[in-house]
Amino acid sequence: MARAVKLFNTFAPDTSEGQWINFMKQQGISKQEIVAAVRERTGYPGEHLELLVEHALGERPQQDIEFLLTPLKPTSIKKFERRPRGYLLKAEGPGDDSFYVLLESVDLDDEKVDRLLDSHQDELCFLAYKNAHEGSPFDTGLREDGHVVVAESGITFQAIQRLLAN
């Protein structure tokens, strides 16, 4: 079964950023000047910013930049801490790519969550990855000891009910 994910791409030609880049090109600004302007405005740290600008200009297909569209698919997911709305999980991917996921399940206890994580790593990694890119649920701020931890993804109780039955 193919599992498709619509990767979130800030620099797609139809986004605000993509349209801004195209507007600069229409105004006669050189590609190098556009790259410099985008770096200055967005603070994008990557050495691959020129690839993203070329994609926004329609000069490169999305496949050329997919390795830059974070978060990357995690290879593992583990319990981080209990939260009032469920569990904060940490999804870890290739290299040092990681992100937090809120498992929205107020009624699950530690034992059930541990069993779920032990038995369904691949499915949970996929759900975390898909929801981080497609925004369902997305960007849940969590405050702990005076600092903010942000879950870039979420997994609803509804999404895991069939997994709990196994």
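Numbers at a glance
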read-out: Under 5 Å, built H, 5+ apart or other chain: amide partners of S98; value: G93
read-out: Cβ charges +1 (Lys, Arg) and -1 (Asp, Glu), total dipole of the range 41-117, debye; value: 340
read-out: Extended-chain gain in nm, criterion 0.36 nm per residue less alpha-carbon gap, F126 and A4; value: 42.9 nm
read-out: Net lengthening on full extension, Q19/A37 (0.36 nm per residue, minus Cα-Cα); value: 5.1 nm
read-out: Long-range amide H partners of I65 with built H, under 5 Å; value: none
read-out: HN-Hα J in Hz across the range 49-56 - Karplus 6.51, -1.76, 1.60, θ = phi - 60°, x for Gly and Pro; value: 4, 4, 4, 5, 5, 4, 5, 4
read-out: Placed amide H near R83: partners under 5 Å, 5+ positions off or other chain; value: L88
read-out: Cut-off 12 Å between beta-carbons: net charge of the residues surrounding V5, Lys and Arg +1, Asp and Glu -1; value: +2
read-out: Over the range 16-68, relative contact order from alpha-carbon pairs under 8 Å, at least 6 apart, %; value: 36
read-out: Gain in span if fully extended, E47 to D114, counting 0.36 nm per residue against the direct Cα distance; value: 20.2 nm
read-out: Under Karplus coefficients 6.51, -1.76 and 1.60, residue-wise ³J(HN,Hα) of the range 60-74 in Hz, glycine/proline x; value: 9, x, 4, 4, 5, 10, 4, 5, 9, 8, 8, x, 7, 5, x
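Laboratory data are not the source of any read-out in this text; all were calculated from the coordinates shown. Given the structure is predicted, the values throughout are model-derived calculations rather than measurements. In this analysis, Cβ positions are derived from the backbone assuming ideal geometry, glycine residues included, and neighbour counts consider all displayed protein chains.
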